[in-house]
Structure formats: C-alpha cells, structure tokens
Amino acid sequence: MPNNSSTKNRGIFLLPNLLTTAGLFSGFFAIVASMNNQFESAAIAIFIAMVFDGLDGRVARMTNTQSDFGAEYDSMADIVSFGMAPALVMYNWALSDLGKFGWLAAFIFVAGGALRLARFNTNLGSSDKRFFQGLAIPSAAAIVSGLVWVGSKYEVDPDSISYLAAILTICAGLLMVSNFRYHSFKDVDWRGRVSFVVILAVVLAFVIVATEPSLVLFIIFFLYALSGPILTIRSVNRLELKHVVGDTDDDCDDEIEKPDEKRSEKQQKEDERDKSD
C-alpha cells in the first residue's frame, strides 16, 4: 500500500516557485535585452530578479511551503539570473572588444557565482547565520549590472572604461569565493517595534534611492562589497590566508572575536594590573 505522506510530498508548491520563475524570467530577459543593445532595461531586469529572489524564500517560510525542490530550483534560477545574466550583460556592453581578456573576466564571474552557490548549499564555513561567507551572488550581480545601468543612463562610452569594467567583474567574482565575512542582516527583528525616527529614516532612504536609483543602488552595493574585507580585517587578531580564501575550520572561526569579548579581556587585564599594584 503506498504511503500517503510520501505521495503528498511529491507535489510542488505553486506560490514560492512562481516567484522563483519570475526571477528566472527576469534574468533571461536581461540576457535577451543586452543582445538587442537595450542595456538599461537589462540591468533593471536583474534588479527586479533580486526582488523576486528575496520574496520567494520569505513567502515559503511564511506560508510553510518550503521544499527541497524549491531550494534546488532557486539555486538553478540564481545561477542564471545572477551569474550568467550579469556576466553576459557586462560582456555585451563593455567586454566584447577586449578579446580573450573580456570573456575570461565574464567567465570568472560566472564560475565564482556557481562556486558560491555550491558552497552555500552544502553549508560549508561558518555556521553563524548573522554573516555570509563570501559576497552573496545577488549582491555581486547588483555591482556588475549596476555599473552597466549607470553607464547606460549617463551615456558613458563603454570603450573608455572597458578595462575598469573587466577588473570590477573579476573582483566581484573573486569576492564571492572568498572567506570575507558579510553581514546577512538575518538577525534584524523585522517584526519588532521601532521608533518614529527609524520610520522617518526608511522613508528618507526610499526618497534618496528614487532620485537616482542607478547611481544610489550601485554605490550601496559597492560599499557593501567593501564592507566584507573591512569587517574581516577588524575582527581577527592577525589576517592570514585562511581568512581570505580556502577552506575554513573551527580554529579560524574561534580567532574572530566579538567586540564584547575584546572589552571583557581588556577589563580583565586592567583588573589584574590593579591587583599587582
């Protein structure tokens, strides 16, 4: 007699996977738009895919519709929307005239995104949910597509910044496979009460983004990419190769001290000095 529970689990939840499909469609549209020299529309489509990518997981958790199929489907969609799409959009905009260096720069970004997703799915590295190990692939895609959006909107000649665009694409790809720690913002209590000043700041942030969305979003994600190396350097006693790239272990995580722990150790040393005096 077949197991009814296993039969039910074979079904696919519609709503979260529909949002994932919308993100996948946005990434595919970005590739097609870049082939037709519609680079501003292509870059905007990648940012729209980021919105759908942020919604599908949250909707799945809110409606209790998580599934292994949804998680795998989301990863497949991410490599298209945030791996292939930004790389091809950037290649068609500024890298195609660089020859081998151009397509290799785009490939490094795609490979970095694929490795980043594989490492994330296998839960390697730090188990601290407050931080990401390496730059998340949507953030890396926002940097690459953001540069295309800014350049297209302000009519920047891509030939004049082609090498800069290639270096930025390579750096974004390498940051994804690095061990730099990035805030995940998963510890933020979105359901908690906040003061009126916080709501006012949120409204002001939306106004600032709405004034020049291409430039403001690019700056925000570029600064976020820089925050990883800065956070890692400040949180370790001595920067080593394992803090930058390679396999991490428990010893590496233990060396990262929290600010409260640093203050307590400093206070203990001062207390011992006072006792000796």
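The values are calculated or read from the model by the stated rules, or taken from the named source; none is laboratory data. Here the structure is a predicted model, which means the values were calculated and not measured. Because the Cβ atoms are built from the backbone with ideal geometry, glycine has one as well, and the counts that use them run over all protein chains shown.
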* Asked: Which of the residues that make up region 188-212 are part of a loop (DSSP other than H, G, I, E, B) and either in contact (Cβ under 8 Å) with a residue 24 or more places away in the chain or of a type in the set (A, V, I, L, M) (or both)?
  -> V188, V194
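Which residue, of D97, D53, is within 19 Å of G146 (Cα to Cα), part of a helix (DSSP H, G or I) and either touching a Leu at 6+ places or on another chain (Cβ under 9 Å) or of a type outside the set (A, V, I, L, M) (or both)? Step through it out loud before you land on a result.
Numbers: D97 fails: within 19 Å of G146 (Cα to Cα).
Exactly one residue qualifies, and that residue is D53.
Return the residue satisfying two criteria in turn: it lies in region 134-177 and is in contact with a strand residue (DSSP E or B) (Cβ under 8 Å, 6 or more places away or on another chain) and not aliphatic (A, V, I, L, M), and of such residues it is surrounded by the most Cβ atoms within 10 Å (Cβ to Cβ).
Step one: list which residues in region 134-177 are in contact with a strand residue (DSSP E or B) (Cβ under 8 Å, 6 or more places away or on another chain), which gives 134-136, 139.
Right, trim to not aliphatic (A, V, I, L, M) and you get 134, 139.
Numbers: G134: 23, S139: 21.
Per the stated criteria, the residue is G134.
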* To do: Filter region 158-182 down to residues that are among the aliphatic types (A, V, I, L, M), outside any helix (DSSP H, G or I) and out of contact with any Leu (no Cβ under 7 Å at 6 or more places or on another chain), then give me how many there are.
  => 0
* Asked: What residue, of Q133, Q66, is touching a Lys or Arg at 6+ places or on another chain (Cβ under 8 Å), farther than 19 Å from A42 by Cα and of a type outside the set (F, W, Y)?
  -> Q133
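Would you say A33 is within 26 Å of D159 (Cα to Cα), crowded, with 16+ Cβ neighbours inside 10 Å and without any contact (Cβ under 8 Å) to a residue 60 or more places away in the chain? It would help to see each step written out before you state the result.
Values: within 26 Å of D159 (Cα to Cα): yes; crowded, with 16+ Cβ neighbours inside 10 Å: yes; without any contact (Cβ under 8 Å) to a residue 60 or more places away in the chain: yes.
Yes: the conditions hold for A33.
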* Structure fact -> Conditions (1) at pLDDT 90 or above; (2) surrounded by fewer than 16 Cβ atoms within 10 Å (Cβ to Cβ); (3) within 21 Å of the chain's Cα centre (by Cα); (4) farther than 21 Å from F221 by Cα -> V51 fails only (4)
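Among residues belonging to region 136-157 that are part of a helix (DSSP H, G or I) and under 11 Å from the mean Cα position of the chain (by Cα), point out the one that is farthest from S81 (Cα to Cα). Full working, then the answer.
Within region 136-157, the first condition is being part of a helix (DSSP H, G or I), and the residues that meet it are 137-153.
Checking the rest, the ones that are also under 11 Å from the mean Cα position of the chain (by Cα) come to 137-143.
On the way: I137: 10, P138: 9, S139: 12, A140: 11, A141: 8, A142: 11, I143: 14 Å.
For region 136-157, the residue satisfying everything is I143.
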* **Any hit, region 104-125, residues being at positive phi and surrounded by 21 or more Cβ atoms within 10 Å (Cβ to Cβ)** => no
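Considering region 158-185 alone, what residues qualify as being on the phi < 0 side of the Ramachandran plot and within 13 Å of the chain's Cα centre (by Cα)?
Step one: list which residues in region 158-185 are on the phi < 0 side of the Ramachandran plot, which gives 158-184.
Result: A172, G173, L174, L175, M176, V177, S178, F180, R181, Y182, H183, S184.
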* To do: For region 55-65, name all the residues that are without any contact (Cβ under 8 Å) to a residue 24 or more places away in the chain and either at negative phi or surrounded by 21 or more Cβ atoms within 10 Å (Cβ to Cβ) (or both).
  => R58, R61, M62
* Residue among F132, F120, F185 that alone is within 20 Å of G228 (Cα to Cα), assigned to a helix (DSSP H, G or I) and modelled with pLDDT under 90 -> F120
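Quick one: which residue in S162, S152, S139 is polar (S, T, N, Q), within 18 Å of L223 (Cβ to Cβ) and touching a residue at least 60 places away in the same chain (Cβ under 8 Å)? If you could, list the steps in order and put the result at the bottom.
Details: S162 fails: within 18 Å of L223 (Cβ to Cβ); S152 fails: within 18 Å of L223 (Cβ to Cβ).
Just a single option satisfies the conditions, and that option is S139.
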